[in-house]
């Protein structure tokens, strides 16, 4: 049935080619073993082990031809531990037992993996703790958990060189290099963004580095390493995908050729289901334009990939539900959750909080049944919401000690329903509306469609993809189409070339005056004049004709904008940290997130708090570092505060 479905939506012609054995054999085994951190493997910087005795599963990638030999790291030891150990199993088979050192805060671990079983390119490890608390302490698993930190995996041997398109991508990828024509057209740029963003999505939490190089550098480029891959985009009347080996015993480069939509079709092949049956070095992908999937009004936790969530503890237990708006497939509002589940019955209370803010409290009862709607206010929404359902039971009076706190658990079933609607505004959360406000498909418009423009488009597309649980679908179009159409868009252009229809939260009136627009106001703005002209660049969220538009711009040469993109791309965590509706970058200072609502004083609640002063200071310090001596920054802060104080009764009055 699956083959029939594939055949009905796309076509793939596979061209077989006999290869010499030396090409597909593993690389020499006498090279040094490779060591990868958990972060590089996409496993996070730490892993919390369930102290209740339940299994905590780790999935360690195992590339073909390379054998994971040892997992090393450090286990934190709870202060309440008298003695304990952690059993490690793989596929039901004991691997080792780690005795925890209760005399030290941490226990070094070294887990041999030679006996572990590899299934579908990964080794599944189960960590099973057995913990006996010191009778002088009451265990608190939530605040004093066992964590695996500083974990690394040693690999022996070298990953096998792929012999077919189906095997082109390894289970672990460090770097993807894209070679693009220096005279790329829009379809070629579209293909580049599709390849880059789809590979980033394919590897999920792995921090794959994407490098873009001109095809003029291809001839002298060094062969890829075992965990590196290169894709070459070329305009050619003969469309197709082909593996070409620069040297024996090195990974091949994938050449994607074609013109127009044919080239885009080849670009979609690399991570599609069709690639699994491309068991040759050459193939031709037929039309395979993705179908836009509308976000559902209601969806269960099971369908979101969250499933059933359980929490346990002593007198209190919490089940945490992470709701990712990119999984909902849109920028959502009016979000409600119909809780279905159970908890330990008895006297006490049940609490619902979102991102730490209280939503509801109700009395626990003897039924222990969860069946309640929880409404999450729009003001509490973010790209990712953490909904905590906690059950609190009072300690037994008179008993004293740990026995006074009965074991408590709470379970939120996978059938729990999440209901939402489209946001009434295109991007209510600013940068935290990205990339869900660009779903299901978005357009990219470039004022400069040269090689430099390709690099900018790919960097922005991959950065946005890192924020998303679902694949993004970009298409490069003309500037007019992006700004006049009905689809969400990413626009990259000098500020001077943006049409008047584009109103940005932060703009420059002239060479020395900044204007901060007030959201939802008719022309009101706060202005700041500085003493000298200096280059700056921004990434800002706005809307045009009721669709979200993300604008990257600069006021002079694009160097500052390119430097900002390089800084963001240097650490994927920086994309996740973006907030407000402005990313501002000037000379001699790192890019910073800013909120136009706070800076302009439009947000009365924020303006009344100390946070507004902090944000105002941040902007002025950022500008001041770029254009003024540090001694002048304080005067600028005072001047702007005085100006704002003077104009506060009428925010729409003109600045002097």
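Hey, with R₀ at 30 Å, roughly what FRET efficiency would residue 419 and residue 150 work out to, going by the Cβ-Cβ distance, to 0.05?
0.15
First measure r as the distance between the Cβ atoms of residue 297 and residue 503, then evaluate 1/(1 + (r/R0)^6) with R0 = 35 Å and state the FRET efficiency to the nearest 0.05.
The pair residue 297/residue 503 has a calculated efficiency of 0.65.
Could you sort 265-276, 78-89 so that the peptide with the highest average Cβ count within 10 Å comes first and the rest follow in order?
Final packing ranking: 265-276, 78-89.
Counting other C-beta atoms within 10 Å, which of 559, 413 has the fewest, and how do the rest follow?
Least to most surrounded, the residues fall as 559, 413.
Quick check: convex hull over the Cα atoms of segment 149-215, volume per residue in Å³, rounded to an integer?
Convex hull volume per residue, Cα atoms: 120 Å³.
In what order do 229, 351 fall by count of nearby beta-carbon atoms within 10 Å, going from fewest to most?
Ordered by Cβ neighbours within 10 Å, fewest first: 351, 229.
Between the alpha-carbon centers of segment 159-181 and segment 479-493, tell me the distance in whole angstrom.
Centre-to-centre distance over Cα atoms comes out at 33 Å.
What's the ranking of 546-555, 145-154 by average number of surrounding C-beta atoms within 10 Å, highest first?
Descending packing order for the listed peptides: 546-555, 145-154.
Taking a virtual spin label 7 Å from the Cα of residue 57 along the C-beta vector, which residues in segment 104-140 bring their backbone nitrogen under 12 Å of it?
Residues 123-127 qualify, since their backbone N sits under 12 Å from the label point.
Which whole-number percentage describes the relative contact order of segment 34-156, with Cα contacts under 8 Å and a sequence gap of 6 or more?
45 percent
In segment 278-356, if every C-alpha pair distance is counted and binned at 10 Å from zero, what percent goes to each bin?
11, 35, 22, 16, 9, 6, 1
Measure off 7 Å from each Cα along the Cα-to-Cβ vector at residue 209 and residue 349, then give the distance between these two points in nanometres to one decimal.
Placing both labels 7 Å along Cα→Cβ, they lie 5.1 nm apart.
With no solvent and one equal point scatterer per Cα, compute the Debye intensity ratio I(q)/I(0) for segment 34-156 at 0.12, 0.15, 0.16 Å⁻¹ and report its log10, rounded to two decimals.
For the requested q values the scattering log ratios are -0.43, -0.65, -0.74.
Take the alpha-carbon centre of segment 402-457, take the same for segment 285-342, and report the distance between them in whole Å.
Rounded to whole Å, the Cα centres lie 11 Å apart.
Please report the spacing between the Cα centers of segment 99-150 and segment 571-603 in Å, no decimals.
39 Å
Report Rg/Rh for segment 404-475, rounded to two decimals, where Rg is the Cα radius of gyration and Rh the Kirkwood radius.
A ratio of 1.24.
Treat the count of other C-beta atoms within 10 Å as a stand-in for reagent exposure and order 67, 195, 491 from fewest to most.
Starting with the residue having the fewest Cβ neighbours, the order is 67, 491, 195.
R0 = 30 Å: FRET efficiency of residue 588 with residue 378, Cβ-based, nearest 0.05?
Computed FRET efficiency for residue 588 and residue 378 comes out at 0.20.
Could you calculate the contour length gain from residue 120 to residue 247, that is, 0.36 nm times the residue separation minus the distance between their Cα atoms, to one decimal place in nm?
42.9 nm
Quickly rank 164-176, 436-448 as a protection proxy: mean count of other C-beta atoms within 10 Å, highest first.
436-448, 164-176
Bear in mind these aren't lab numbers, they're just calculated from the coordinates by the rules spelled out. The structure presented is a predicted model; accordingly, all values stated were derived computationally and were not measured. With ideal geometry, Cβ positions are generated from the backbone for all residues, glycine too; neighbour counts draw on all protein chains shown.
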